[in-house]
Structure formats: structure tokens, C-alpha cells
Amino acid sequence: MYASTFAIDFVPVDGSGRTAPVTLASLLYPEPAERFPGFGPPVLAPVDGIIVAVHDAEPDHAAFRGLPSIRYSLTQARRAAAGWLALAGNHLMIKTYSGPVVALCHVQHHSVRLRPGQRVDAGHVLAGCGNTGNSTEPHLHVQAISSADVMSASALPITFPGGLPRNGTIVDAR
């Protein structure tokens, strides 16, 4: 759905490789997104290109683990039915100079630093990592698509120098 076949979620972790500590309370109740190391770090442009879409109006919401994540998952169909914006939350799209578009989703409320039409270079700070849209904890959802029209776009595989990282691999953006 929405050309997300090859999408990757990058979940920021602390120095010991973990997200926020798990407590009994975190298994029973939603948690403030600010409690997670993934809330707020800069999101860097993964490619050179031109910003073709920006949405930055959605508030960050609580994070959900344990029982709250089960309740949250029960609302998945409602979010999917509401469309791309309900799933992506705050996001940017970069059209690469070779044609594909890279979507960066779930960014922090009011943190986007660019507007459509602006050029960016890989490594440029775009926004802060957030917890908007279809997100159970702060992370960055990245997908490559054939056009900025997600309703008609095709999913494209994402490549990395040296190959695609395995699930659970810590990727350093520096």
C-alpha cells in the first residue's frame, strides 16, 4: 500500500543500542515520545535533490509498547483508510536528480527546515525525528518511490554502499 514495499524504518537508539528503557508502566500505558532517544535527533537528507512535498502540521503523539501497542494496532485499519497523510504524518519528499522520489516520514512537529522547490544535498539537516502518523515510537520511515504521487507510484528498492543493512543493524548516520 502506498508504494511501501521496500520501505525501511530507522529506529534511533542510545549508546547501549536500546530505545527507551522498558518498565512495568511502559507495558501498560502510552509513554511520552520525549522519553525515547529517537525523539528530536536531526533527520539528514539521504540523497541530493529537490524538495517536492512537505507536511509539518501534525502533533507528535505518545509512544506505544506492550498493551498500548496492541490497542494502537487495532486502529491500523482506520489510519490506512484515512490515507497517506494519516500513515506518513509529518514528512518530506525529495525528488532525486535521476528521477525517483525519497519519502521521509514521521518527522517531528514544526521541525521541517525546507520548503518545496528548495535544493538539498545528502547530509543536509531536514527536520527532527518525531512520532507522527502511523508510528508506535519515534523513528524515521524511508521509502523510495517512482513519483511524488503515492497513490500511483511504484515502490523502488533502496540501496546502500556495501549492501542493505540487516534487520537490527545499527547504522551510523555520521
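Near the amide H of A53, within less than 5 Å, lie the amide hydrogens of M93, all on another chain or at least 5 residues away, with H placed in the peptide plane. Distances between placed amide hydrogens fall under 5 Å for T19 paired with D14, all partners being 5 or more residues away or on another chain. What you get for the stretch 12-93, charging only the Cβ of Lys and Arg (+1) and of Asp and Glu (-1), is a dipole of about 420 debye around the Cα centre. Of the peptides 127-134, 49-56, 68-75, 107-114, the order by per-residue mean of other Cβ atoms within 10 Å, starting with the highest, comes out as 127-134, 107-114, 49-56, 68-75. Between the stretch 1-68 and the stretch 130-144, the alpha-carbon centres lie 5 Å apart.
Taken along the Cα-to-beta-carbon direction at a fixed 7 Å, the label points for Y29 and R71 span 1.1 nm. For the stretch 62-169, the relative contact order works out to 27 percent when only alpha carbon pairs closer than 8 Å and six or more residues apart are counted.
Candidates N134, M93, T19 compared by Cα position along the dipole of the chain: farthest toward the positive end lies N134, with charges placed on Cβ.
Restricting the calculation to Cα atoms, the chain yields a radius of gyration followed by a Dmax of 15.7, 49 Å. Here the Karplus curve 6.51 cos²θ - 1.76 cosθ + 1.60, taken at θ = phi - 60°, turns the phi angles of the stretch 74-82 into couplings of 5, 9, 4, 4, 5, 5, 4, 5, 6 Hz, with x standing for Gly and Pro.
Is the stretch 90-167 best put as rounded, prolate or oblate by its Cα gyration tensor, with a ≥ b ≥ c the root eigenvalues, rounded for a/c under 1.5, and otherwise prolate when a/b is larger than b/c, oblate when not? Rounded, because the longest to shortest axis ratio a/c is under 1.5.
Each 10 Å bin from zero up to the one holding the largest Cα-Cα distance in the stretch 27-69 carries the following percent of pairs: 22, 37, 28, 12, 1.
Under the convention that each Lys and Arg Cβ holds +1 and each Asp and Glu Cβ holds -1, the size of the dipole of the chain around its Cα centre is about 160 debye. Once a ≥ b ≥ c are taken as the square roots of the eigenvalues of the Cα gyration tensor of the stretch 13-106, is the result rounded (a/c under 1.5), prolate (a/b larger than b/c) or oblate (a/b not larger than b/c)? Note, shape of the stretch 13-106 comes out oblate. Take the chain with all the other protein chains still there, run a 1.4 Å probe, and you get 53 Å² of accessible area per residue.
Amide hydrogen proximity for H109: with H placed 1.01 Å from N in the peptide plane, the residues at 5 or more positions away or on another chain lying under 5 Å are D60, N131.
The values are calculated or read from the model by the stated rules, or taken from the named source; none is laboratory data. These figures come from a predicted structure and were not determined experimentally. Using ideal geometry, Cβ is built from the backbone for each residue, glycine included, and neighbour counts are taken over all protein chains shown. The accessibility values were calculated without ligands, DNA or RNA, using every heavy atom of the protein model including side chains. Shrake-Rupley method; radii C 1.70, N 1.55, O 1.52, S 1.80 Å.
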